[in-house]
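See below for the structure under consideration.
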Amino acid sequence: MTASPANFFRGLGHRVNNGIWHLGFASRFFLAILMHSGMAFRRFHLTIREIYSTGVMSLIVILVSGLFVGMVLGLQGYDTLQRYGSSEALGVLVALSLVRELGPVIAGLLFASRAGSAITAEIGLMKATEQLSAMEMMAVNPIARVVAPRFWGGVISMPLLAALFSAMGIFGGYLVGVLLIGVDEGSFWSQMQASVDFREDIVNGVIKSFVFGILVSLIAVFEGYDSEPTAEGVSSATTRTVVTSSLVILFADFILTALMFRG
Amino acid sequence: MTSNDMHQDALVRIADLSFAYDSDASSRKVLDGINMTIPRGKVVAIMGGSGCGKTTLLRLIGGQLQPSHGAVTVDGQVVHEMDDTRLYALRRRMGMLFQFGALFTDMSVFDNIAFPMREHTNLPEELVRDLVLMKLHAVGLRGAAQLMPSELSGGMARRVALARAVALDPMLIMYDEPFAGLDPISLGVVGQLIRRLTDALGASSIVVTHDVLASLKIVDYIYFVSEGRIVAEGTAEEMIHSDIPFVKQFIHAEADGPVPFHYPAMDYREELFGSL
Amino acid sequence: MTRTTLDLWVGFFVSMGILALIFLALKVGNLGGSNLSEPYQLTARFDNVGSLKVRAPVKSSGVVVGRVGAISFDMATYEAQVTLNIDGRYQFPTDTFPKILTSGLLGEQYIGLAVGGDEKMLHGGDTISKTQSAIVIEELIGQFLFNKASEGGTQ
């Protein structure tokens, strides 16, 4: 290729331009969703249907994963803590790890892969088979009827799923730590209660999961709505949803943690 | 009918319409200087080869695209000058049949047809049920009301989509390739339905198609579009006996003519032996 | 799936989620624990508060009788000023001696109230200036070394 460095920079500039254009388009899309959200709440059964698809259908994954993560935390935590004679702090370790970080983040990642990809595929397929176009021609705004309920369904489900994940995880830590290994049950819970602050830890964790819910739901509906109306287009949009959501969750987690837990 | 009949009582008027996807001057014009009139109560066909802009025309009439030049007027109102509210009000009086149906796959046949009624009217459910069954009866699928779209054959899906398009008794019905991919019996059925519904509702129908045989039986007037321009227009009779080369090639299904057989390429001999 | 079944499942899911949140708030966090009935405020002045934190417990005889409300620095006296929210059920005499103690060897710091014998009780808004500050490890080591050095000197 002639003048390779120049081409490289041109390509880079082109991709950055595309990325910024994409971002701008996504922001306008977000505003459009907010403006047309009236129907999603006035006819709440539409949103309920989506809460079922995203939330209820993700329950098993979330509960089982939460249980196992908590159990692993119990095992690993005990192994490290008992070296310093602090094995009664196991409850604190498990609870804080889950409530502050692992609950919102892992639940967010699982939600993105299960529910987020499903939403993208659904909307993308509706676009490819001209169902969205048909709706438009029947004077029904597809953003109000199809996109907004899915967005709000995800936003409502996420914090609940994260809370369930954390609760299940703490139970898993209890199972392993107290019932299996034999850490003192009283100190497990009392130290946990003494160290986990409602406002600092739990509320911040809920805020995180709420923010993640908004981000993942927005990415999922946007990728579906913006997908190429072909089979390859829908499939690449679905993978893009999972990848982009995961990266955005981890990045947002860093930002939020830095803001909230600066000690 | 004469062309005088065409211009009186027109529901849709298309004046000097041009459309290109990009706004810069170098991009190819999908439509260039189109002039058309769709009178009330008539079935008008728009014919042409694939990719000549026929579907784009329907989208321009429905307001999904904005013209680069010229105007589309429906029932006296210019489409691209309307705000969202008036555009949606206009769309409620139009029905569109999409290629392959575009039925909502997560709803039953019944719910698909009830959809426009439930969205735009406050009719009680019993009345909606009666209306849906009437529409299904008109297309012969009343017994299929509880099936899901995935359980329908191509022809049945097309008919259900037709019933949905006329759910609110529109004044203008647009059909995007309604005959594509159908067996001969379904072809005949759909063609008859288009004619009967147009007459029963007093609506205008615009049929975008390249199926000559099926359409010649039912249409009142034909526009031939090639490379974004209208190359011929007239009644079915006039078109069958036309001498215009493009029309002749199209109607008699000739492989080569104004629409060439060969995609533009190098000279054959040169491409094969030129490198030697 | 009919609408009623859908609603049932969604209602179940949402209530489970809310229960999880309540579990976290009450059983895991300390929201359930910090209920002080009709608290009144006392101010205590310390030379050094160590690593005492807001919402740390105030205990007397090992029982939690209140929580640390606020910790601030007094420019006039160059001392630390700690606000104590004491449960209204408990009254303490005016010669109560607050000390900053550590739970366990390396645990969190809290305030312990050593009770005197005075008949008059403290009221809301009173200030206690006689206190024992937190033990700072460096000073302890420095004192130990100093004592060792002076011992060696007299021998």
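The values are calculated or read from the model by the stated rules, or taken from the named source; none is laboratory data. Keep in mind the model is a prediction, meaning the values are calculated, not measured. Please note: Cβ atoms are built from the backbone with ideal geometry, for glycine as well, and neighbour counts cover all protein chains shown. The area values use the complete protein model at the heavy-atom level, side chains included, leaving out ligands, DNA and RNA. Shrake-Rupley method; radii C 1.70, N 1.55, O 1.52, S 1.80 Å.
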Once the Cα atoms of helix B:109-120 and of chain B are each reduced to a long axis, what angle between those two axes, in degrees from 0 to 90 to the nearest 10, is obtained? 80 degrees
Cβ charges +1 (Lys, Arg) and -1 (Asp, Glu), total dipole of chain C, debye: 520 debye
Over the heavy atoms of A:W152, what accessible area does a 1.4 Å probe trace out, to the nearest 10 Å²? 50 Å²
Could you tell me which residue out of A:A220, B:L123, B:V231 lies farthest along the dipole of the protein assembly as shown toward its positive end? Charges go on the beta carbon: Lys and Arg +1, Asp and Glu -1, centred on the Cα centre. B:L123
If R0 = 45 Å, then C:S37 and A:I207, at their Cβ-Cβ distance, give a FRET efficiency to the nearest 0.05 of 0.90
Computed over chain A: relative contact order in percent, which uses C-alpha pairs under 8 Å that are six or more apart: 31 percent
Antiparallel bridge percentage (DSSP; both residues within the range C:15-144; nearest 5): 85 percent
At most 13 other Cβ within 10 Å, DSSP loop - chymotrypsin sites (Phe, Trp or Tyr not before Pro), the range A:204-263: A:F261
Run the simple label-point estimate for B:Q66 and C:V64 please: 7 Å along Cα→C-beta, distance reported in nm. 6.4 nm
Which whole-number percent gives the relative contact order of chain B, counting Cα pairs below 8 Å spaced six or more residues apart? 23 percent
Minimum 20 Å² accessible area buried by the other protein chains, the range A:43-73 residues, probe 1.4 Å, relative to alone: A:R43, A:H45, A:I48, A:R49, A:I51, A:Y52, A:V56, A:L59
Residues of the range B:127-213: accessible area per residue with a 1.4 Å probe, Å²: 40 Å²
Given a Förster distance of 56 angstrom, what is the FRET efficiency for A:H36 paired with C:K120, based on the Cβ-Cβ distance and rounded to 0.05? 0.25
Excluding residues on the same chain fewer than 8 positions from C:K130, give the aspartates and glutamates whose Cα lies under 18 Å from its Cα. C:D47, C:D74, C:E79, C:D95, C:D118, C:E119
In degrees from 0 to 90, rounded to the nearest 10, what is the angle of the helix A:44-54 Cα long axis to the longest principal axis of chain A? 60 degrees
Taking all protein chains in place and a 1.4 Å probe, what share, in percent, of the accessible surface of the range A:206-248 do carbon and sulfur account for? 74 percent
Within the range C:104-143: Cβ-based charge dipole about Cα centre, in debye rounded to nearest 20 (Lys, Arg +1; Asp, Glu -1): 80 debye
Ignoring ligands, DNA and RNA, what accessible area per residue does the range A:95-135 give at 1.4 Å, in Å²? 27 Å²
So which residues in the range B:109-141 end up with at least 20 square angstrom less accessible surface once the other protein chains are there, compared with the chain by itself, probe 1.4 angstrom? B:F115, B:E119, B:H120
Sequence gap at least 6, Cα distance under 8 Å: using those rules, report the relative contact order of the range B:27-146 to the nearest whole percent. 14 percent
Applied in sequence order to the range A:101-115, the curve 6.51 cos²θ - 1.76 cosθ + 1.60 (Karplus, θ = phi - 60°) yields integer Hz couplings, x standing for Gly and Pro, of 10, 5, x, x, 6, 5, 4, x, 5, 5, 5, 4, 6, 8, 7
Cα gyration tensor of the range A:97-183, axes a ≥ b ≥ c as square roots of the eigenvalues: rounded (a/c below 1.5), prolate (a/b > b/c) or oblate? prolate
Using amide H atoms built 1.01 Å from N in the peptide plane, name the residues 5+ places from C:I128, or on other chains, whose amide H lies under 5 Å from its own. C:T43, C:A44, C:R45
Quick check: the distance between the Cα centres of the range A:65-103 and the range B:213-271, to the nearest angstrom? 76 Å
How big a patch of accessible area, both sides summed and in Å² to the nearest 100, lies buried between A and C at a 1.4 Å probe? 2300 Å²
Distance between the C-alpha centers of the range A:197-263 and the range A:3-46? Whole Å please. 15 Å
Inter-chain Cβ neighbour average for residues A:157-164, partner chain, 10 Å: 5
Which is farthest toward the positive dipole end of chain B among B:G154, B:S215, B:I34, measuring Cα position about the Cα centre, with Cβ charges +1 (Lys, Arg) and -1 (Asp, Glu)? B:G154
Springs between alpha-carbon pairs under 10 angstrom, Gaussian network model over chain B: which of B:S226, B:S205, B:S242 fluctuates most? B:S242
Along the range A:234-241, Karplus-curve 3J(HN,Hα) (6.51, -1.76, 1.60; θ = phi - 60°) to the nearest Hz, with x for Gly and Pro, reads 5, 5, 6, 5, 5, 5, 4, 4
Based on Cβ point charges of +1 for Lys and Arg and -1 for Asp and Glu, what charge dipole magnitude is obtained for the protein assembly as shown about its Cα centre, in debye rounded to the nearest 20? 860 debye
Here the range A:67-74 yields Karplus 3J(HN,Hα) values (6.51, -1.76, 1.60; θ = phi - 60°; whole Hz; Gly and Pro given as x) of 4, 5, 4, x, 5, 5, 4, x
Nearest-0.05 FRET efficiency for B:A265 and B:H241 at R0 = 41 Å, using Cβ-Cβ distance, is 0.75
Not counting ligands, DNA or RNA, and with a 1.4 Å probe, what is B:R229's accessible surface area in Å² rounded to the nearest 10? 130 Å²
How big is the B/A interface in buried accessible area, both sides summed, 1.4 Å probe, to the nearest 100 Å²? 1700 Å²
Gap in Å between the Cα centre of the range A:106-158 and the Cα centre of the range A:167-187? 40 Å
Rounding to the nearest 10 and keeping the result within 0 to 90°, find how far the Cα-based axis of helix B:184-201 lies from the longest principal axis of chain B. 60 degrees
